[in-house]
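First comes the structure, then the notes that go with it.
The values are calculated or read from the model by the stated rules, or taken from the named source; none is laboratory data. A quick note: this is a predicted structure, and the numbers were derived from the prediction, not measured. Counting neighbours? That spans all protein chains shown, and the Cβs are built from the backbone with ideal geometry, glycine included.
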Amino acid sequence: MSDISQLPPELALAILKNLNATDLCLAACVWQSLANDEILWLGLCKSNWAYTSVYKRAHSEGISFRRIYLQLDEGTLRFNAGQGLQYFIENRLLDDTCEEICNFIHNTRKLRASEKRKLLQTR
């Protein structure tokens, strides 16, 4: 089997985009420049958290989508453990407005329904 880095970049990215975050991190150990491609991490972000405020400003503020993914994943773990939205807001992943919070909750696959319900009842 040949090294993926010897493939044309478009083909290598097409292969790597089928990996989940864990496998992509492992691939990054071997093929760092390809596995850290912003397009791959943006796709992973949007497949799990279709909408969040930080997407609009990531490019202009120089925030990598890999970093965003890792922060969203951490925030999801905290949210599902009953800590609510505070992590998302404090880390500027989500603006603290009703519209932004509603869009985020509605378009996110990773948040537990019971925690969403709890948030909506207390907010």
Where in the range 37-114 are there helices (runs of 4 or more DSSP H), lying fully within it, with 2 or more residues that are farther than 21 Å from residue 13 by Cα and of a type in the set (D, E, K, R)?
-> 54-61, 65-78, 98-106
In the range 96-123, which residues are surrounded by 17 or more Cβ atoms within 10 Å (Cβ to Cβ), closer than 21 Å to residue 63 by Cα and touching a helix residue (DSSP H, G or I) at 6+ places or on another chain (Cβ under 9 Å)?
-> 101, 104, 108
Within the range 75-94, the residues that are closer than 18 Å to residue 50 by Cβ and surrounded by fewer than 17 Cβ atoms within 10 Å (Cβ to Cβ) are 80
Report, by residue number, each residue of the range 30-53 that is modelled with pLDDT under 80 and either among the hydroxyl-bearing types (Ser, Thr, Tyr) or more than 15 Å from residue 65 (Cβ to Cβ) (or both).
-> 30, 31, 32, 33
So residue 51 fits all but one of (1) under 30 Å from residue 4 (Cβ atoms); (2) in contact with a His (Cβ under 9 Å, 6 or more places away or on another chain); what number is the exception?
-> (1)
Output the residues belonging to the range 1-32 that are in a helix (DSSP H, G or I) and either in the same structural domain as residue 95 (by TED's automatic domain parsing) or within 25 Å of residue 104 (Cβ to Cβ) (or both).
-> 21, 22, 24, 25
What are the pairs, 6+ residues apart or on separate chains, where a residue within the range 97-123 that is closer than 23 Å to residue 69 by Cβ and touching a residue at least 40 places away in the same chain (Cβ under 8 Å) has its Cβ under 6 Å from a residue that is of a type outside the set (D, E, K, R) and not in a loop (DSSP other than H, G, I, E, B)?
-> 108/49; 109/48; 110/48; 110/76
